[in-house]
Each structure stands twice: as structure tokens, then as C-alpha cells.
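The values are calculated or read from the model by the stated rules, or taken from the named source; none is laboratory data. For clarity, every value in this text was computed on a predicted model and none was experimentally measured. Using ideal geometry, Cβ is built from the backbone for each residue, glycine included, and neighbour counts are taken over all protein chains shown. Each accessible area value is taken on the protein alone, full model and side chains, heavy atoms only, with ligands, DNA and RNA left out. Shrake-Rupley method; radii C 1.70, N 1.55, O 1.52, S 1.80 Å.
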Amino acid sequence: MSITAAAPPSNDTRTPWELFGIDRLLDDDERDIAATVRKFVETRLRPNVGDWFESATLPKELAREFGELGVLGMHLQGYGCAGTNAVSYGLACLELEAGDSGFRSFVSVQGSLSMFSIYRYGSEEQKNEWLPRLATGEAIGCFGLTEPDFGSNPAGMRTRARRDGSDWVLNGTKMWITNGNLADVATVWANTDDGIRGFLVPTDTPGFTANAIHKKLSLRASVTSELVLDNVRLPASAQLPLAEGLGAPLSCLNEARFGIVFGSLGAARDSLETAIAYTQSRDVFDRPLSSYQLTQEKLANMTLELGKGILLAIHLGRIKDAEGVRPEQISLGKLNNVREALAIARECRTLLGGSGITLEYSPLRHANNLESVLTYEGTSEMHLLSIGRALTGHAAFR
Ligand code: TGC
Ligand code: FAD
């Protein structure tokens with residue numbers, strides 16, 4: 001038996017990513033995609049994100065730039081989409097969210113909710129009409145499931161679609177809809193006499209209104225809206241023909257939740273890298289803040305959680321590519337990684353002291369964003385209960 005000697009310890013500093021040897025788990029394409037998105041984030045997004053967050057805007061032209069970057073629907077095959085594997089898509093989400101959760105949200109909603117709903121449940125005509133334009137960012141999509149009184153429990157939705165001859169007529173209100181005011185097409189889920197069905201609603205259809213939600217303390221570099229459907233009349237061809245029942249929208253959520261499993265760790269990694277750099281340059285009591293044991297304990301514990309989260313994300317990605325990942329496995333990843341990312345961002349803020357409360361440094365912006373990420377795509381409580389159901393067979397939601 002041969003014994004390989006451990007490499008000697010080094011006095012060089014290491015990033016958390018390097019310390020965990022994450023790049024060894026990725027192939028060349030995956031590393032290239034991550035590096036390309038990271039460069040775009042550093043050059044195009046990071047210099048502006050503080051201003052966009054402060055003014056609560058997300059410039060619409062970013063859609064085409066994300067399209068050129070190739071991240072819109074990148075995990076889908078054909079129709080102008082790149083057809084990458086799941087890990088590559090996850091890494092792109094991670095790099096985008098290192099910039100801001102708002103960027104990853106835009107890409108998640110466009111690719112995993114709007115485009116995926118059409119890709120998985122649409123007719124060939126619907127796919128050809130919308131997917132190529134959504135992939136380039138020429139068109140923007142949104143996904144309306146949540147209602148004012150039904151968020152965690154979408155089964156109770158009140159939005160109604162009734163037949164009128166061969167047409168459908170939709171009435172109801174959707175709440176907290178990302179990209180609602182930017183969208184050209186909304187995937188809207190509604191109750192019918194036969195149960196829940198999905199509809200593609202061009203946003204210039206009479207009776208459709210999007211009202212922007214203001215005064216947000218979280219995800220400010222992202223557009224969030226209420227959608228009102230007041231006798232919106234649609235042709236029969238607007239219905240997603242393959243979507244039957246609540247399982248259809250929930251299956252779209254699996255795709256977006258998977259992106260969050262990776263994405264949330266981007267916010268955590270950026271917070272941690274910011275805190276490491278800050279504590280190296282900040283002197284307290286005559287020496288660098290990074291040289292104190294309490295600081296190093298915080299940095300080491302956060303690095304552990306970040307690294308464990310990335311290992312879990314890559315593991316789930318490999319399962320997704322190999323045989324498909326089960327919803328409760330995605331719940332494990334979403335629950336853990338968002339919860340830990342939020343804890344890391346908050347802890348990093350403490351290391352920055354007073355400097356940590358302005359937009360000059362990212363951790364508090366990330367922490368504020370992650371409050372939304374903890375809630376959307378299934379709250380942490382819903383994911384706990386989903387894991388509980390998988391373990392016990394008892395659904396404790398009701
Ligand atoms: P339940 O009886 O469990 O299921 C109803 C049917 O759906 C099937 N199913 C799933 N299918 C695919 N993927 C999943 N994750 C699924 N979960 C359930 C299930 O097998 C069943 O099928 P069938 O054929 O037997 O009818 O339904 P329930 O009403 O008891 O609900 C379960 C619960 C609570 C887990 C579900 O309602 C839930 O996930 N609630 C959370 C809602 C949520 O996550 N909303 C997110 C809205 S979109 C959003 O937040 C976008 S933010 C985007 C951004 O900006 O990044
Ligand atoms: P509620 O469901 O009212 O939950 C309130 C609290 O009660 C939570 O802590 C919850 O966990 C807890 N709770 C609920 N049920 C139970 C239970 N059975 N047992 C124990 N605790 C329970 N939705 C979309 O459809 N499309 C979008 O694009 C979209 N984008 C969003 C963007 C942002 C910024 C935000 C904040 C939300 C977005 N959402 C979107 C909505 C999001 O999915 C919902 O906010 C989320 O599902 C929770 O629903 P709710 O806000 O109604 O909270």
C-alpha cells in the first residue's frame with residue numbers, strides 16, 4: 001500500500017474556494033463558464049450595483065446583455081439556448097449572485113420559471129414564438145403563482161380562468177412577481193373547472209396591469225410587482241397544453257430553487273472575501289483585525305459553512321445531471337445554503353464594524369437580499385416540512 005504524504009502547510013493566504021479545492025471538482029467548461037460570468041459581474045455589474053440598489057432600479061437593457069452572455073435559459077436545449085449541464089447553470093447563478101441577488105433573480109425567473117414553463121409545458125408554436133426571444137433578452141418573462149392570500153399554499157389560489165366559447169377569460173391578482181413590470185409575457189397560473197392550468201399572457205393584453213411594489217428593504221436591484229388580471233381574454237392557444245394541476249408550477253420551482261442552491265453561496269462568498277480583505281487592512285488595538293483569534297474563528301467557521309454548501313450544491317448538480325434530483329433533495333440544498341449564506345453575510349457585516357452599514361461594502365446588501373431569498377421559492381419552513389414529509393411520510397403543511 002502506498003501512502004501519499006500530505007503537502008506541507010503553507011504561509012500563503014488562500015481563498016475559501018481554493019482551500020476547499022473546489023476547482024478540482026469542475027471540468028474545463030464549467031470553470032470557463034464561471035470565469036466568464038464572474039468577469040461580466042466584475043466589469044459591468046459590480047461598479048454600478050450600489051447605485052442601482054440605492055435607487056431601486058434594474059436597467060432593462062441588462063436583459064440583452066444577459067442574453068449575449070448566454071445565461072438566459074442556458075440549461076435548456078434548442079430554441080437558441082446553450083444546453084449546458086446543471087452545474088454550469090448553478091455556477092453562473094453563483095457568480096451572478098456574488099454581484100447581487102437581484103441579478104440572479106432576473107436570470108432565475110427568465111430561464112427557470114418563464115422559459116422553463118414554456119419549454120416543459122408549451123406547444124411547439126408557443127416555444128418557437130417565445131423561447132428564442134427570451135434567450136436573447138429581446139423579450140422578458142415573468143411567472144405569476146403567488147397571490148396576496150396564497151403564498152406558501154398556492155393550491156388555494158383564487159385567480160380563475162373560465163371558458164367563453166373557445167376563449168379563456170382570466171380574473172385575479174398575483175403578488176410579489178419578479179420582473180412583472182418589465183415583462184412582455186407572463187406565465188399565469190389559474191384555477192379552472194378542471195383544476196390548475198397555466199396560461200401565457202402577453203402583457204399588452206387588455207385587462208392586464210402590472211403595479212410596481214415600492215419601499216422594499218431587500219432585493220432593491222430587482223423589479224417586484226403586483227399583477228392584476230381584469231377580464232383578460234385569451235385565445236385557446238394561450239393555454240400551456242401540457243400543464244395539468246399544481247405539480248406543473250411546482251416542477252418549475254424545482255428548476256429555480258436549484259439555481260438558488262448555488263446562487264445564495266455567491267452572496268456568501270462575496271461577503272466572506274470582502275470581510276477577509278477588510279480585516280487584513282483594518283488595524284485595531286495596533287494590529288490587523290485579521291490577526292486576532294476571535295476574527296479567525298469567525299472566518300474559519302464561515303469558510304467551513306461556505307465550502308460545505310458548495311460541496312452540497314455540486315453534489316445535487318451531479319445528481320440532477322445523472323438521474324434527476326428529487327424535490328426534497330432540492331429542499332435540503334435550498335434550506336441549508338440560503339440559511340448559511342444569510343448567517344455568513346450577517347457575520348461578515350459584524351467584522352466590518354460601522355463601515356459595514358453603508359453600500360460601500362457588500363455584506364449588509366447581501367444579507368438584506370437574502371432575507372427575500374429565504375422567503376421566496378418556498379420559505380425555509382416549507383422546505384423543513386418538505387424534508388420532514390420525506391422522512392416520515394406525514395405532510396405537516398396542513
Ligand atoms: P402536494 O399535494 O404536495 O403536491 C401537489 C402536486 O404537485 C406535486 N409536487 C411537485 N411536483 C414537482 N415538484 C415539486 N417540488 C412538487 N411538490 C409537489 C405532487 O406530487 C402533487 O402531484 P399530484 O400529481 O399527486 O397531484 O401540494 P400541497 O398543496 O400540499 O403543497 C406542498 C407545498 C407546500 C410543498 C407546495 O405548495 C409549495 O412548495 N409551497 C411553496 C410555494 C412556493 O415556493 N412558491 C414560490 C413562488 S415563485 C417564486 O417565489 C419566485 S421568486 C423568483 C426569484 O425572484 O428568484
Ligand atoms: P406566507 O405563506 O403568508 O407565510 C408567512 C409565514 O408563515 C412564513 O414564515 C411561512 O413559512 C409561515 N407558514 C406558512 N404556512 C405554514 C405552515 N403550514 N406551517 C408553519 N409555518 C407556515 N412569487 C411568484 O409567484 N413569482 C415571483 O416571481 C415571485 N418573486 C418574489 C420576489 C420577492 C422579492 C419576494 C419577497 C417574493 C416573491 N414571490 C414570487 C413570492 C414568494 O414566493 C412568497 O412570498 C413566498 O412563497 C411566501 O408566501 P407569503 O409571502 O404569502 O408568506
Extreme residue, positive dipole direction of the chain, given options Thr43, Leu219, Phe150 (C-beta unit charges): Phe150
For Lys308, go through the aspartates and glutamates and keep the ones whose alpha-carbon is under 12 Å away, minus same-chain ones fewer than eight residues off. Glu340
Built amide H within the under 5 Å cut-off of Ile196, gap 5+: Gly245, Leu246
How far apart, in nm, are two points set 7 Å out from the Cα along the Cα-to-Cβ line at Arg389 and at Glu124? 3.6 nm
Tell me what the chain gives for mean residue ellipticity at 222 nm when only DSSP H runs of n ≥ 4 count, each as -39,500 (n - 2.57), the sum divided by the residue total, rounded to 500 deg cm²/dmol. -15500 deg cm²/dmol
Which whole-Hz ³J(HN,Hα) couplings does the range 269-282 yield from phi under the Karplus relation 6.51 cos²θ - 1.76 cosθ + 1.60, θ = phi - 60°, glycine and proline marked x? 4, 5, 4, 5, 4, 5, 5, 4, 4, 5, 5, 6, 9, 9
So the carbon and sulfur contribution to the accessible area of the range 244-398, 1.4 Å probe, in percent, is 55 percent
GNM flexibility winner over the chain from Ala277, Ala139, Ala92 (Cα, springs under 10 Å): Ala277
Which whole-Hz couplings ³J(HN,Hα) result when phi for each residue of the range 141-149 is put into the Karplus expression 6.51 cos²θ - 1.76 cosθ + 1.60, θ = phi - 60°, listed in order with x for Gly and Pro? x, 9, 9, x, 10, 5, 10, x, 9
Do any GluC sites (Glu not before Pro) in the range 365-398 lie in a DSSP loop with no more than 11 other beta carbon atoms within 10 Å, and if so, which? none
Going highest first, how would you order 141-150, 110-119, 213-222 by mean Cβ packing within 10 Å? 110-119, 141-150, 213-222
Rank Phe397, Met115, Ser380 by how far each Cα sits towards the positive end of the charge dipole of the chain (+1 on Lys, Arg Cβ; -1 on Asp, Glu Cβ) and give me just the farthest. Phe397
Total charge dipole magnitude, the chain, about the Cα centre, Cβ charges on Lys, Arg, Asp, Glu only, Debye to nearest 20: 720 debye
Once R0 is set to 56 Å, what does the formula 1/(1 + (r/R0)^6) return for the Cβ-Cβ distance between Ala300 and Thr57, expressed as a FRET efficiency to the nearest 0.05? 0.90
Suppose we take every Cα in the range 252-381 and form the convex hull; what volume per residue is that in Å³? 96 Å³
Let me spell out the model: positive unit charges on the Cβ of Lys and Arg, negative unit charges on the Cβ of Asp and Glu, origin at the Cα centre of the range 138-251. What dipole size does that give, in debye rounded to 20? 340 debye
Going down the table (Lys174/Lys298; Lys298/Lys320; Lys127/Lys320; Lys39/Lys174; Lys215/Lys320), which pairs top 31 Å between alpha carbons? Lys174/Lys298; Lys298/Lys320; Lys39/Lys174; Lys215/Lys320
Within the set Arg197, Arg133, Arg326, GNM on the chain using Cα springs under 10 Å gives the largest fluctuation to Arg326
What spacing in nm lies between the two simple spin-label points modelled at Ala322 and Arg163, each 7 Å away from Cα in the Cβ direction? 4.7 nm
Rank these by accessible area, largest first, 1.4 Å probe: Asp23, Asp29. Asp29, Asp23
Alpha carbon centroid spacing (whole Å) that separates the range 110-159 from the range 22-41: 28 Å
May I ask for the angle, rounded to the nearest 10°, between helix 363-375 and the longest principal axis of the chain, with both axes built from Cα atoms and the value confined to 0 to 90°? 40 degrees
List the residues, sorted by chain then number, that are 5 or more residues from Gly207 or on another chain and whose placed amide H is less than 5 Å from its amide H. none
Charges on Cβ only, +1 for Lys and Arg, -1 for Asp and Glu, centred on the Cα centroid of the range 184-274; of Gly247, Leu265, Ser237, which one is farthest towards the dipole's positive end? Leu265
Applied in sequence order to the range 257-264, the curve 6.51 cos²θ - 1.76 cosθ + 1.60 (Karplus, θ = phi - 60°) yields integer Hz couplings, x standing for Gly and Pro, of 4, 4, x, 6, 3, 7, x, 4
